[in-house]
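Here is the structure we will look at.
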Amino acid sequence: MTIEEYKERVEKANSIVFFGGAGVSTESGIPDFRSVDGLYNQKYKYPPETMLSAEFFASHTAEFFRFYFDKMIYTDAAPNAAHIKLAEWERMGKLKAVVTQNIDGLHQKAGSQTVYELHGSVHRNTCIRCGKKFGLDEVLKQSPSVPRCECGGVIKPDVVLYGEGLPERTVVKAIEAIAAADMLIVGGTSLAVYPAAGFIRYYNGSPDNFIVINKTVIPGFKNQLNGALGELL
């Protein structure tokens, strides 16, 4: 499809939902996972998938946090053009929700209000012993050590690790939003991570309004634009 066709469809849409992945935040300086320079192509003692698992968190807690603080936290990252445009569409009433696989909180920082974080957020943390809640700044004060609550319990990031289920309420809300959309824009994701990637099947709108924006081509999808997300949105 052409840029002109895409923009025309966006102009006519009244209930857009954006479904995004790691590629949304690369322009903010946060690396993605599966590209050539992505996290999964870097060398560590253990594979990133192992270090970001619930089992590894439980059995190698100190090593988990060394990796987590080093590679998953980007306090200096700022919203880019994509985040800002989506927040603008929401204020205009065109965008009804952002469904994101990212944990960086940049959509909210840009001003988006209705954001469904399928994989949680680094900005929310919970003591696994007493349940007390902590913000990111409080946790970072203890970096690179294992962060602990006053009760002595480990403070776990509220991010979904491998081996954990997605937050049920967030999943329900995300599916409801996608099902009610008259346009679904999928951006910055390879659609390789399940079950999250499977949510796009709940879209009931016109196939012509199912748009994929990604730097690389994703096989099997008709309406694709390839390039920088911030410029194309």
Checked region 125-144 for anything of a type in the set (D, E, K, R) and either in contact (Cβ under 8 Å) with a residue 40 or more places away in the chain or in a loop (DSSP other than H, G, I, E, B) (or both); matches are R129, K132, K141
Scanning region 217-230 residue by residue, those more than 18 Å from I30 (Cα to Cα) and not in a strand (DSSP E or B) turn out to be V217, I218, P219, G220, F221, K222, N223
Item to complete: For R124, indicate whether it is out of contact with any Asp or Glu (no Cβ under 9 Å at 6 or more places or on another chain) and basic (K, R).
Response: no
Taking region 78-110 and keeping residues in contact with a helix residue (DSSP H, G or I) (Cβ under 8 Å, 6 or more places away or on another chain) and in a helix (DSSP H, G or I) leaves A81, A82, H83, I84, K85, L86, A87, L106, H107, K109, A110
How many residues of region 194-213 are open to solvent by 40 Å² or more (accessible area, probe 1.4 Å) and either charged (D, E, K, R) or outside any helix (DSSP H, G or I) (or both)? The answer is 6
Going through (1) closer than 27 Å to K94 by Cα; (2) touching a strand residue (DSSP E or B) at 6+ places or on another chain (Cβ under 7 Å) one by one, L191 fails only at (2)
A careful count of residues in region 145-162 that are over 19 Å from I103 (Cα atoms) and either out of contact with any Ser or Thr (no Cβ under 6 Å at 6 or more places or on another chain) or not in a loop (DSSP other than H, G, I, E, B) (or both) gives 8
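The values are calculated or read from the model by the stated rules, or taken from the named source; none is laboratory data. Keep in mind that this is a model prediction, so the values were computed, not measured. As a convention, Cβ positions derive from the backbone with ideal geometry for all residues, glycine included, and neighbour counts pool all protein chains shown. Heavy atoms of the whole protein, side chains included, go into the accessibility calculation; ligands, DNA and RNA do not. Shrake-Rupley method; radii C 1.70, N 1.55, O 1.52, S 1.80 Å.
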